[in-house]
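Beneath this line is the structure, given in structure tokens, with notes to follow.
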Amino acid sequence: MARKRSRKQRRRWYLMDLHLHTPASEDWRDPGVTFLDWLRAAEAKGLDIVAMTDHNTVAGYARFQQELEHLTWLEEAGRITQEEKERLDAYRELLNKILVLPGFEFTAALGFHILGIFPPTTTIRALEFLLLNLKIPPDKLDAGVTAIGGTVDVLTAYRLIREAGGIVIAAHANSSHGVMMRGLGLGGQTRIAYTQDPNLHALEVTDLGSRSRNSTARFFDGSKPEYPRRMHLIQGSDAHSLLADPKDKNRLGIGDRPTEIALDEKSFEAIKAVFESDEFDRVRKPRPRPTQDLLREAQRLGESEQVAFHKRITARGGERERILRDVVAMANTKGGRIFVGASAKATEPPIGVEHPRLTAREIEEDIIRRVSPPIKAQVSLNTVRGKYILTVDVPEGKEKPYVLDGHDVFVRRGKETRRATRDDLIALVRGTSLPSEPPSHSSPSEEEKPASTEQEITPTAREEELKLPATNLEGRIPPSDGVEIVGVEERRGQRRYIIRDLRHGTVVSDVTRESAKRLWEYAIECYETKKVDPDRVTWLGDLGIWHFERRAGKIRYDLVQRLPNGKLVVYYGVTEDGFTGPWAELLPIAKELATLQLGEP
């Protein structure tokens, strides 16, 4: 009988940003941005839940809803154009991934800012009626301005927003216009009332996750007699543009300062239930994964079959063409990621991309217009060391061969993109692996030939493994963290490993124990010294926990999967965040085992 999972085991962490402005706010800094651009920016940052919180208005959310309703009506009436249909399909795809909540950032008396977040079923009329009750002048209901004057006080605003069914959050509570009133001469009793009121769900702060003695979390942890109510704390981007301003660290873009929240389901009701509960560990600062880390890691590994760098890009010219050739080549090979605006050398500072949004949009349009059949490559922008870096994530295509401008076919060979040969084209059409590169020297001696692998977890031939997709190989269900050793060769008395890094899906060959660092070095050491014993694995179905240890302040788990053919696959050095998909059921068991043997983390 299958074991029933508890509610806690069914929970998962969602990335949430509840403080985002749109072009409906008067101080929005991105002219010409559409709501589709806005949602694409949220998707690029991996956000699962967002809220539109313009200043004292819901005009932005209303325009967003009106556009959706108009496109849907055109489709139902049979009057939709191809361009409009593509736009509607893009909206539907994004809204299938992202929960969009209506809301506003209200300016209360004395200038304090309060976020009101509501269910998506809330009507625009109901929200506008609430804003009128909060004393927003009717002639400013669509203005999106911060300076209103004559509105209700903070405590009345809390009560009215909560009575209307909303989540009440004190915006940037520990900074300007925040109810902690730093820099203001108001008395402590007022601050206590504004931060402890029972109608207030949470405080939005700028130091979530800080361990400082003076952090907001310590101030509101319930230990101070005058502040006995422990408060839920979140952070938000307060974004007034799609991207951060590289010249001003305080001007963040969409998703630059999100919150992670553990929910039973992705819904407004589930979010509100967390804020009304005493489970304070269900909200946290996200595990950081900025583009800078991805860029640094890619530079460390170097250019490869699945990673390409373009140091600079001009408005027109050869570099743009080379990027498109890389897109086609990666779609025809195993997919990959392209960095634009940075060199493959970590020692060289990034140059960045001029006119980043225009450039990103033009590349997206070029891919749509010039690559066939269609491939869903994702173009995104982030800032690294004050420069805009553009990344293009290309999935491995399912309808090979992919063609540029109707006739040019490219494939990826090592770190080079080249025009497909006749044999390459035959392999792409047949759906078989690309032919091996012809040898550039005489046949290797017996000493140089690959030796057969020693454990069941590796394939019998290096080429066989490298031609497979990066995920779900031969029934594999890899976690989203750690590394897998997928092959090993013996050449001139030295072992050379083929490693798949599950953190970003790259496969790298010719790794030696001497050249490996950190997690790779750990995986090779375990592979060479610790033979997997299935009888000592803690199994849950075909997934199991074999070994764990604390490294650099984190517990790393070595996980095992038993394939249908009986082979064992080992995933080395997986953190708790890597227990995704079916592995999530194993996490409570892993944590319990680690606690029993290693003590509390």
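Tell me whether region 309-323 contains one or more residues that are outside any helix (DSSP H, G or I) and either modelled with pLDDT of 90 or more or among the aromatic types (Phe, Trp, Tyr) (or both). Outline the logic, then answer.
Here is the first cut: in region 309-323, the ones outside any helix (DSSP H, G or I) are 309-317.
So of that shortlist, the ones also either modelled with pLDDT of 90 or more or among the aromatic types (Phe, Trp, Tyr) (or both) come out as 309-310.
Yes, region 309-323 contains at least one residue that is outside any helix (DSSP H, G or I) and either modelled with pLDDT of 90 or more or among the aromatic types (Phe, Trp, Tyr) (or both).
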Pick from Leu94, Leu130, Leu88, Leu71: which is part of a helix (DSSP H, G or I), free of Cβ contacts under 8 Å to residues at least 60 places away in the same chain, buried (at least 20 other Cβ atoms within 10 Å of the Cβ) and touching a helix residue (DSSP H, G or I) at 6+ places or on another chain (Cβ under 7 Å)?
Leu130
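Conditions (1) farther than 20 Å from Glu26 by Cα; (2) buried (at least 18 other Cβ atoms within 10 Å of the Cβ), marked per residue:
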position	(1), (2)
Ile136	no, yes
Thr151	no, yes
Ala170	yes, yes
Asn174	yes, yes
Ser212	yes, no
Ser215	yes, no
Pro228	yes, no
Within region 20-49, the count of residues that are free of Cβ contacts under 8 Å to residues at least 60 places away in the same chain and under 26 Å from Ala108 (Cα atoms) comes to 2
Out of all the residues in region 401-417, is one or more within 22 Å of Gly46 (Cβ to Cβ), surrounded by fewer than 21 Cβ atoms within 10 Å (Cβ to Cβ) and either at pLDDT below 90 or over 26 Å from the mean Cα position of the chain (by Cα) (or both)?
no
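Each row is one residue, and each column tells you yes or no for (1) under 14 Å from Gly482 (Cα atoms); (2) free of Cβ contacts under 8 Å to residues at least 12 places away in the same chain; (3) crowded, with 19+ Cβ neighbours inside 10 Å.
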{"residue": "Ala523", "(1), (2), (3)": "yes, no, yes"}
{"residue": "Glu528", "(1), (2), (3)": "no, no, no"}
{"residue": "Asp535", "(1), (2), (3)": "no, yes, no"}
{"residue": "Glu549", "(1), (2), (3)": "yes, no, no"}
{"residue": "Lys554", "(1), (2), (3)": "yes, no, no"}
{"residue": "Pro564", "(1), (2), (3)": "no, no, no"}
{"residue": "Thr575", "(1), (2), (3)": "yes, no, no"}
{"residue": "Pro582", "(1), (2), (3)": "no, no, no"}
{"residue": "Thr595", "(1), (2), (3)": "no, yes, no"}
Considering region 92-121, residues that are at pLDDT 95 or above and aromatic (Phe, Trp, Tyr), and then whichever is nearest to Ile254 (Cα to Cα), we arrive at Phe104
Within region 286-300, of all residues that are out of contact with any strand residue (DSSP E or B) (no Cβ under 7 Å at 6 or more places or on another chain) and part of a helix (DSSP H, G or I), the one modelled with the highest pLDDT is Gln299
The correct count of residues that are touching a residue at least 24 places away in the same chain (Cβ under 8 Å) and closer than 23 Å to His201 by Cβ in region 212-255 is 18
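Among the listed residues Ala42, Ala24, Ala77, Ala90, which satisfies the condition of being closer than 24 Å to Ile136 by Cβ and small (Gly, Ala, Ser)?
Working: Ala42 fails: closer than 24 Å to Ile136 by Cβ; Ala77 fails: closer than 24 Å to Ile136 by Cβ; Ala90 fails: closer than 24 Å to Ile136 by Cβ.
None of the other options fit; the residue is Ala24.
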Considering each residue of region 365-389, count those that are in a strand (DSSP E or B) and modelled with pLDDT of 90 or more, and give that number.
2
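So which residues in region 309-336 are of a type in the set (Lys, Arg) and under 21 Å from Ala420 (Cβ atoms), if there are any at all? Quick ask: steps written out before the conclusion?
Restricting attention to region 309-336, the residues satisfying the condition of being of a type in the set (Lys, Arg) are 311-312, 316, 320, 322, 325, 334.
Hits for region 309-336 are Arg320, Arg322, Arg325, Lys334.
Report whether or not Glu490 is acidic (Asp, Glu) and closer than 19 Å to Glu297 by Cα. Outline the logic, then answer.
Details: acidic (Asp, Glu): yes; closer than 19 Å to Glu297 by Cα: no.
In short, no.
The values are calculated or read from the model by the stated rules, or taken from the named source; none is laboratory data. All figures in this text were calculated on a predicted structure; none of them were measured in a lab. Counting neighbours? That spans all protein chains shown, and the Cβs are built from the backbone with ideal geometry, glycine included.
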